[in-house]
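Visitor: What follows is a single structure, and I will ask about it in a moment.
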Amino acid sequence: MSNSELLTVEPLDLQFPFELRKQISCSLYLTNKTDNHVAFKVKTTNPKKYCVRPNTGVVLPRSTCEVLVTMQAQKEAPSDMQCKDKFLLQGVTASPGITAKDVTPEMFSKEAGYLVEETKLRVTYVSPPQPPSPVHEGSEEGSSPRASVSDNGQASEFSFQRFSADKVEPQEGTSEARALITKLTEEKQSAIQLNNKLQRELEQLRRDSKRSQSGIPLMYVLLFGLIGLILGYIMKST
């Protein structure tokens, strides 16, 4: 805050939360401490970089005026995040009934004999505000479920019901997985039983073939047939 006689300026440091390719605004508050009309004008060392609205105007007696300073979107950031830009606020006592349209550059000319009050303002870059960290709904893993408590000390029914609904979905998924595992286990047992049965029949055919030479061709036919059945069942199960 400045110690000027006409206008109190706040803040004296224009702080911009710097972000690339984004317009950033900062407000100045000009307070007229006198019983007179005070005309003001805002100047900057880098007029192409900033937009000031209003850059000239009148602050009524015992009142406050807001000035919005907007920094244009920047394509690159300074290496040290330091800004050398400056602003100058000029104030001068004006005649009663003056409006912003009546303010002229000649009113702030010291050479013309006007008593001009000046306040210098600096520009600083600050880190942009960080977004709030996400809050996980429900209780943490391993802890018991708790209903949220409202301001009057009563449990929030909405929060408790939402927690219960979150817990139902994993249970339903687990039941489906268990049913699928049971089904696959039963099919595996059936395949094992069939394989054992086929092996016993194949062994019986081998014994029969030894008893009769005439049964050798028939044995090979049956053997190939059994092998085809086994392979077909295995392909179907997978």
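We did not get these values from a lab; they are worked out from the coordinates using the rules stated. Predicted model only: the values in this text are computed from it and were never measured. Please note: Cβ atoms are built from the backbone with ideal geometry, for glycine as well, and neighbour counts cover all protein chains shown.
Visitor: For a label point 7 angstrom out from the Cα of THR124 toward its Cβ, which stretches of the range 57-72 have the backbone nitrogen within less than 17 Å?
Guide: none
Visitor: Could you please state, rounded to a whole Å, how far the C-alpha centre of the range 101-124 is from the C-alpha centre of the range 1-70?
Guide: 13 Å
Visitor: Which value in nm describes the separation of the simple spin-label points at SER63 and GLU111, placed 7 Å from the Cα toward the beta carbon?
Guide: 3.4 nm
Visitor: Taking 0.36 nm per residue of separation and subtracting the Cα-Cα distance, what length does fully extending MET81 through GLU19 add?
Guide: That works out to 21.2 nm of additional length.
Visitor: Can you give the Rg to Rh ratio for the range 1-115, taking only C-alpha atoms and Rh from Kirkwood?
Guide: 1.01
Visitor: I would also like to ask the following. Counting other C-beta atoms within 10 Å, and keeping those with at most 15, which DSSP coil chymotrypsin sites (Phe, Trp or Tyr not before Pro) do you find in the range 1-52?
Guide: Loop-located and lightly packed - none at all.
Visitor: Can you give me the three principal axis dimensions of the range 26-83 from its C-alpha atoms, in Å, biggest first?
Guide: Taking the Cα atoms of the range 26-83, the three principal extents are 47, 18, 15 Å.
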